[in-house]
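Here, each number is a calculation from the coordinates, and none is a lab measurement. Keep in mind it's a predicted model, so treat the numbers as computed, not measured. Virtual Cβ from ideal backbone geometry, glycine too; neighbours counted across all protein chains shown.
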Amino acid sequence: MSASRDDGPYTGSGRFSPPQEAESRLLAVLALGPGADTEDIRTAYRRLAKRWHPDSSGDPTTARQFARLTRAYKVLCARPPLAGGPHASAASRYRRVIEAGEDLFALGQVLATDRDPEVRAAAVSRLGLSGRTAAYVFLRRALYDPDPGVASAAIRAVALLGARQAEGEVAALYSRSGPALRRAILETAAATREPLFRTALAAALRDEDPELRAYARKIGAKS
């Protein structure tokens, strides 16, 4: 099943991103951000496929999103592998995240104490990939992070978890954020189709920005 242009990130000018950003659009369907590796893609797909497969959900209307997930997964897994491994400097920078592994508390500590926003964002991504609902205790903090990159990672992470309890927090984040982060929330809502974005979409329909209102209407029409 081919993805429509409406599934891609919105540019804010009535147009969608150019073809070279196709990989970012596919990653967004899996609730992943730039830099996700093959193992992240496989993990996210397993989590989301279980949620959206019609046999698992008991809802035949989820078949379309399941098809989008499967297409994104296959295309991303077929991409050429990146040359070389991580640089030593990168490994040193993300050492705390690497050492935390799948320990939710350790990842939460990184999120709470590390001064580097990219390291905090990496911890947020690992929390989302954990598949454990208890991770939301820590992800809730990330939704209030002052760095937009960390907050964007948190939006993707709660979508990947399917954390319905985040609905009010995400809507509150939409209301207090600037246009760029609001657009990121709508893009994740469009790509993932997660129900937790319903209240945020309702807020977007009242947005003062006519382009964001139009984008929210488009998402609602396709839901």
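Table for the structure above
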{"read-out": "Estimated 222 nm signal from helices in the chain, with DSSP H stretches of n ≥ 4 weighted -39500 (n - 2.57), rounded to 500", "value": "-19000 deg cm²/dmol"}
{"read-out": "Global geometry of region 143-223, whether rounded, prolate or oblate, following the gyration tensor of its Cα atoms and the 1.5 cut on a/c", "value": "oblate"}
{"read-out": "Potential lengthening between Arg217 and Asp147 on full extension [0.36 nm per residue; Cα-Cα distance subtracted]", "value": "22.4 nm"}
{"read-out": "Computed magnitude of the charge dipole of the chain (debye, nearest 20; Cβ of K, R +1, Cβ of D, E -1)", "value": "500"}
{"read-out": "Extension gain, Glu102 back to Ser175 (0.36 nm per residue minus Cα-Cα distance, nm)", "value": "23.1 nm"}
{"read-out": "Rounded if a/c under 1.5, otherwise prolate or oblate - region 182-223, Cα gyration tensor axes", "value": "prolate"}
{"read-out": "DSSP-assigned coil residues among chymotrypsin sites (Phe, Trp or Tyr not before Pro) in region 111-165, each with at most 13 further Cβ atoms within 10 Å", "value": "Tyr144"}
{"read-out": "Anisotropy class of the chain from Cα gyration tensor, a/c 1.5 cut", "value": "rounded"}
